[in-house]
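The values are calculated or read from the model by the stated rules, or taken from the named source; none is laboratory data. Treat the numbers as computed from the prediction; the structure is a model and nothing was measured. Counting neighbours? That spans all protein chains shown, and the Cβs are built from the backbone with ideal geometry, glycine included. The protein model used for the area step is the full one, side chains on, heavy atoms only, and it has no ligands, DNA or RNA in it. Shrake-Rupley method; radii C 1.70, N 1.55, O 1.52, S 1.80 Å.
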Number of protein chains: 2
Amino acid sequence: MERPELPLPQLHAFVVLAEELHFGHAASRLGIAQPPLSQQIRRLEDKVGYALFSREPGRICLTPAGRQLLPAARHALTGLAEGLAAAREVGSGRVGRLRIGFAASLALTVLPSLLRTFRERFPAVDLDIQEMTTTPQLAALRERTIDIGLLREPPAHDTDLGFETVLTEPFVAVLPSSHPVAAQRAVRVEQLADCPFVLLPRAVGPPLYDQIASLCIAAGFTPQVTQHAVEWQTVCALVETGLGVSLAPESIRRIRLKGVAFRRIEPNAARTRVAVAWRKNDSNPLVPHLLAALDQDPPDRP
Amino acid sequence: MERPELPLPQLHAFVVLAEELHFGHAASRLGIAQPPLSQQIRRLEDKVGYALFSREPGRICLTPAGRQLLPAARHALTGLAEGLAAAREVGSGRVGRLRIGFAASLALTVLPSLLRTFRERFPAVDLDIQEMTTTPQLAALRERTIDIGLLREPPAHDTDLGFETVLTEPFVAVLPSSHPVAAQRAVRVEQLADCPFVLLPRAVGPPLYDQIASLCIAAGFTPQVTQHAVEWQTVCALVETGLGVSLAPESIRRIRLKGVAFRRIEPNAARTRVAVAWRKNDSNPLVPHLLAALDQDPPDRP
DNA sequence: TGGAGTGATATCTCTAAGCGTATGGAGCGC
DNA sequence: GCGCTCCATACGCTTAGAGATATCACTCCA
């Protein structure tokens, strides 16, 4: 790539003159006097090395060299104008692309309203939404394969990633409707001591898993996890078939399944945090835009 | 078409930096110090209104806005460089297009050697060659549908068109071989007084026609034109079949036809001029190039 | 903790571009 | 022949841009 030889203002003058074929008219279209236009053209011709216009009294027309240069000049000018406009659109965040990872349990609470308000405000933005559990989200953020993460129990501090709590929610017991404890409006954790448990694998989100486990331990028992499932949807299905019970964030109440009951637990102290995560140094203007949308638009309550 | 907002030198710096992603390296590739490069980029970012690079210690990368602008900048730069190079090629006359009209009788003398030497010198030039009689050539030159004319008996002066004599040639008598006069090495025009004549229509080239007619008148008779043909080739064919005799420029000797004899005429005073014609104000550099080739390369003798 | 590396900033200089006004000069038509 | 149109030229002014050097701020690493 060599250094540019022809300045754009002169090319602009050239294109306009090529359209008008009249120095006076072209000059007024350019908003300048006629002599400066003559100079511009002359300078351009000096740089090209050949005449671009043939001036005959009465009429003026392009030389072959000028005809050859014209399309390149026009393309450069229009291309740059369009590119600049597009870059400004992207820079302002009116258009662009945002890749969002989200935990499946948020598909029914945080995500819908967030997407609704964001789409409303930035209809031209491409949103790439993909479901991911917490740990892969953190990796994907670092690898720049997603720009925004919606996850549970974020790490407290991180040098590269920023976190902000979207909501905190209590836990509920997930029981088969036929389970005797399901008859109560609220259950105590220790009532589940003898039940087999269905949970997400610890690797999917260690902090959440540990939080659930410590709920049980605080109630005086270690949960007997007889079954794992990577999605809450599946957990509920397994509970329905009577394979066990579970403790889960309140969000999953939204999974309405006949034969599954959700019950408040008591005491109701422990809460799980849902957070949004992003790269602190991300230059994408859509990231702050999304965070703003999240701030102003509280998620649907379960 | 609006006035350009982004100067090319800054876009050049932008593209190079986008390739290097390192201010120091990019600056040295540009042949400048690092601080001026920082300034260039900063100015460009100011004009765009948004950051184009995100500077993090250790690595620097494009923002979405920068990624959006990059292809436009690159296209503008390369497009202009190519367009400029092409315009210079055309301006110098190394490449381009030249439309040439020629009289049929020159297809065997002037034209072949001219095309040979011109093609040799300017192999990249497109030559559009078309056969035209004299009068249409002059019209085509004025209408700019041809750039060069090769014709007979050009008008003496013209405000718009230039003429230069390529060669002058004597007239020859065209006779059937069986004609008694064909036995002589040279014929006197008055020997043809009683023969029917085959000639080109006067409209094709009035000066040439008039010249031939006046040859006869000078010999004391008015030619009895019994047959017209628009090409010399056809004239010869008609002469062969015995339809008449003709007087023609010596060039047509090249039309070798059994049964047709060409004989020098005496006295051998009258000559016909072959000339090249062009628009005086033509800006195509190939026109002077062709004239130069014509000057340096005398046509084949018949 | 100090030095290397990297980029930003401050300041200065100089040139070339860009524009305006005034003027010159060639064609063209009345 | 005179005036008009149209483009070129001359001259002066102003400013943006591009460059250099010197220096600062930050990070990272030994």
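Brief remarks follow.
- Total residues in the stretch B:29-40 satisfying the condition of being within 12 Å of DNA strand C (Cβ to nearest atom), hydrophobic (A, V, I, L, M, F, W, C) and surrounded by 19 or more Cβ atoms within 10 Å (Cβ to Cβ): the figure is 1.
- B:Phe53 being more than 10 Å from DNA strand C (Cβ to nearest atom), in the same structural domain as B:Leu80 (by TED's automatic domain parsing) and modelled with pLDDT of 90 or more: no
Listed here are the residues, each with its yes/no results for (1) among the polar types (S, T, N, Q); (2) open to solvent by 60 Å² or more (accessible area, probe 1.4 Å).
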{"residue": "B:Ala139", "(1), (2)": "no, no"}
{"residue": "B:Leu151", "(1), (2)": "no, no"}
{"residue": "B:Gln184", "(1), (2)": "yes, yes"}
{"residue": "B:Leu192", "(1), (2)": "no, no"}
{"residue": "B:Pro201", "(1), (2)": "no, no"}
{"residue": "B:Ile217", "(1), (2)": "no, yes"}
{"residue": "B:Phe221", "(1), (2)": "no, no"}
{"residue": "B:Gln227", "(1), (2)": "yes, yes"}
{"residue": "B:Ala237", "(1), (2)": "no, no"}
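- Selection status of A:Pro9, surrounded by fewer than 20 Cβ atoms within 10 Å (Cβ to Cβ), under 27 Å from B:Ala73 (Cβ atoms) and either at pLDDT 90 or above or more than 10 Å from DNA strand D (Cβ to nearest atom) (or both): yes
- Scope the stretch B:243-302; condition in contact (Cβ under 8 Å) with a residue 60 or more places away in the chain, in contact with a helix residue (DSSP H, G or I) (Cβ under 6 Å, 6 or more places away or on another chain) and in a loop (DSSP other than H, G, I, E, B); matching residues: B:Ile255, B:Gly259, B:Ala270, B:Asn284, B:Asp297, B:Pro299, B:Asp300, B:Pro302
- Screening A:Ala26 on (1) in contact with a Leu (Cβ under 6 Å, 6 or more places away or on another chain); (2) open to solvent by 10 Å² or more (accessible area, probe 1.4 Å); (3) more than 21 Å from A:Gly79 (Cα to Cα) shows it passes everything except condition (2).
- For the residues B:Leu200, B:Leu238, B:Leu175, the requirement of being modelled with pLDDT of 90 or more and under 13 Å from B:Ala261 (Cβ atoms) singles out B:Leu175.
- Any hit, the stretch A:124-135, residues being surrounded by fewer than 20 Cβ atoms within 10 Å (Cβ to Cβ) and part of a helix (DSSP H, G or I): yes
- The set of residues in the stretch A:214-240 being part of a loop (DSSP other than H, G, I, E, B) and touching a residue at least 40 places away in the same chain (Cβ under 8 Å) consists of A:Val230, A:Glu231.
- Filter pass, B:Leu44 being within 23 Å of A:Ala86 (Cβ to Cβ), near DNA strand D (Cβ under 10 Å from one of its atoms) and open to solvent by less than 50 Å² (accessible area, probe 1.4 Å): yes
- Test result for B:Arg43, among the charged types (D, E, K, R) and within 16 Å of DNA strand C (Cβ to nearest atom): yes
- Qualifying residue in the stretch B:76-96 (condition: within 16 Å of DNA strand D (Cβ to nearest atom), more than 47 Å from the chain's Cα centre (by Cα) and open to solvent by less than 60 Å² (accessible area, probe 1.4 Å)): no
- Members of the stretch B:50-73 found to be more than 51 Å from the chain's Cα centre (by Cα) and within 15 Å of DNA strand D (Cβ to nearest atom), listed by number: B:Ser54, B:Arg55, B:Glu56, B:Pro57, B:Gly58, B:Arg59, B:Ile60, B:Cys61
- Residues that are over 24 Å from A:Ala292 (Cβ atoms) and part of a loop (DSSP other than H, G, I, E, B), drawn from the stretch A:156-178: A:Ser177, A:Ser178
- The set of residues in the stretch A:16-72 being of a type in the set (Ser, Thr, Tyr) and in contact with a Pro (Cβ under 9 Å, 6 or more places away or on another chain) consists of A:Tyr50, A:Thr63.
- Once the stretch B:65-75 is narrowed to residues that are farther than 22 Å from A:Leu11 by Cβ and open to solvent by less than 20 Å² (accessible area, probe 1.4 Å), the residue that is farthest from DNA strand C (Cβ to nearest atom) is B:Ala65.
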